[in-house]
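Taking it in order: structure first as structure tokens, then the write-up.
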Amino acid sequence: MGVTLPLWLRPPDLELRPAGVLEFLLATVLTHAGFSFLHARFEHRGHPRWTESRLSFAGVACLALVGLLGWHLLRLVPDRIFVVYGLAVLFAGLLYVAPPVRFSRRPGGEIVLSMSLGLLPVLGGYLVQTGDLTRPVYLAALPIYAAMLLRVWVEQMTVPGGEGNAAGDSLVTAFGRRVSGRVIVPLLSVLVCTTLIAAVLSAAVMPVALIALIFVVPMARIVTRSWCSFDDPSEMVRARNGAIVVHAGLCAVLVASSIWAAAG
């Protein structure tokens, strides 16, 4: 979404950079892989084929490649803003996986993870294309962040045994499954819709993006399941699958709307 958003916002002196986009997408995949390897290492999930030392090496190697790609991308983006962005990505990833903070084991991990997977990639894609970040970009990214937070929150509720996070505490355990299912999930569903409407009203995304409101149908099913079956992991798995559909569908609509703007 981030790399197509400039097609709609049309910042001054826009010059599309397909080579930079490919580098950024590769760096995004490697960043996710690197922190996933390190997460497995810190959670002691090694086995004979993937020992903890091998997981550490793979994680560090992926992030080192990301650093090289970032250094190469500096030819496209002003040094200061891109360095700040890169440090923000690194900081968010380490906050989630690395001791002593390790938000993957603490309440608030859902927020950090959703920011890392929902907000930062959109901002980075736009930044590589245009070399700057403006208020409309943040507004356009908010529906993606809200949809990712809904997805992550419901994912935590699929863990059996009353624990919101298989590795430790989470906001689900902090609020309790009843409040999570009957209050937080409905509020997050409303947040997805309101942030989308706000993005359209502020002209951060095309008005045609309102077609994504069709996803209120699967969101209504998510809310129904979380309301009635918040303590049933099998039902929450179905709700999680619906949240994946909402997140992916919203991303697809927003990308398609920007491409449509360019075609028009």
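Summary table below
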read-out: L38 vs. criteria aliphatic (A, V, I, L, M) and either closer than 22 Å to L254 by Cβ or part of a loop (DSSP other than H, G, I, E, B) (or both); value: no
read-out: Tally of residues being charged (D, E, K, R) and either buried (at least 17 other Cβ atoms within 10 Å of the Cβ) or at positive phi (or both) across the range 1-59; value: 6
read-out: Among (1) over 27 Å from P136 (Cβ atoms); (2) crowded, with 18+ Cβ neighbours inside 10 Å; (3) small (G, A, S), the one test that G67 misses; value: (2)
read-out: Condition met for V101 (under 28 Å from C251 (Cα atoms) and of a type in the set (A, V, I, L, M, F, W, C)); value: no
read-out: Checklist (1) surrounded by fewer than 17 Cβ atoms within 10 Å (Cβ to Cβ); (2) modelled with pLDDT of 95 or more; (3) of a type outside the set (S, T, N, Q); (4) more than 19 Å from the chain's Cα centre (by Cα) applied to A174, failing item; value: (2)
read-out: Meets criteria (closer than 20 Å to T4 by Cα, touching a residue at least 24 places away in the same chain (Cβ under 8 Å) and part of a helix (DSSP H, G or I)) for A243; value: no
read-out: Filter result for S180 (polar (S, T, N, Q), assigned to a helix (DSSP H, G or I), within 20 Å of F103 (Cβ to Cβ) and in contact (Cβ under 8 Å) with a residue 12 or more places away in the chain); value: yes
read-out: Matching residues, the range 246-264, being surrounded by fewer than 16 Cβ atoms within 10 Å (Cβ to Cβ), modelled with pLDDT under 95 and in a helix (DSSP H, G or I); value: I259, W260, A262, A263
read-out: The range 177-196, residues that are surrounded by fewer than 17 Cβ atoms within 10 Å (Cβ to Cβ) and among the polar types (S, T, N, Q); value: T194
read-out: Hits in the range 3-28 (condition: without any contact (Cβ under 8 Å) to a residue 60 or more places away in the chain, over 17 Å from Y85 (Cβ atoms) and assigned to a helix (DSSP H, G or I)); value: P18, A19, L22
read-out: Inter-residue pairs, beta-carbon under 7 Å, first assigned to a helix (DSSP H, G or I) and in the range 213-235, second of a type in the set (D, E), 6+ apart; value: R225/E235
read-out: In the range 29-49, the residues that are closer than 17 Å to V122 by Cβ and either without any contact (Cβ under 8 Å) to a residue 60 or more places away in the chain or out of contact with any helix residue (DSSP H, G or I) (no Cβ under 6 Å at 6 or more places or on another chain) (or both); value: V29, H32
read-out: Test set (1) within 19 Å of the chain's Cα centre (by Cα); (2) at pLDDT 95 or above - W227 fails condition number; value: (1)
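The values are calculated or read from the model by the stated rules, or taken from the named source; none is laboratory data. Treat the numbers as computed from the prediction; the structure is a model and nothing was measured. Cβ atoms come from the backbone with ideal geometry, glycine included; neighbour counts cover every protein chain shown.
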